[in-house]
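Written out below as structure tokens is the structure these notes cover.
The values are calculated or read from the model by the stated rules, or taken from the named source; none is laboratory data. Values in this document were obtained by computation on a predicted structure and should not be read as measured data. With ideal geometry, Cβ positions are generated from the backbone for all residues, glycine too; neighbour counts draw on all protein chains shown.
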């Protein structure tokens, strides 16, 4: 465990999971507000504050998620599995969109670059089922 992870563990041990889950909800709401403000003010010259707020709120959300993952190995493992699956699924959707718009060459390039195959999808579904996450398939 890194020094930062030890500090994250100390924080969640002190406050507890329930308190940090409540804090995560609050921080997510603040991130949503910061994103909306940044979108509203991004075209105003010299206004970097809105982007700084987004960066700060992302860090807050990531910190709490990290604390939760450090505290619960099962949660961390499943987040990793589902993240991997969802990234692959989204790339597969992009391939479908490219094919539908006649960009087969670019689709082939992406498939080769990111090793996208149906076999991979089947392996991830099996892994998700083994971890009890088979309801996440959309």
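Summary of computed values
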quantity	calculated
Checking residue 1 against (1) assigned to a helix (DSSP H, G or I); (2) at pLDDT below 95; (3) over 19 Å from the mean Cα position of the chain (by Cα), the condition it does not meet	(1)
Condition check for residue 65: surrounded by 13 or more Cβ atoms within 10 Å (Cβ to Cβ) and either at pLDDT below 95 or in a helix (DSSP H, G or I) (or both)	yes
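To keep it simple, each residue is scored yes or no on (1) under 26 Å from residue 5 (Cα atoms); (2) under 17 Å from the mean Cα position of the chain (by Cα); (3) at pLDDT 95 or above.
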site	(1), (2), (3)
15	yes, no, yes
21	yes, yes, yes
41	no, no, no
46	no, no, no
49	no, no, no
53	yes, no, no
69	yes, yes, yes
95	no, no, no
104	no, no, no
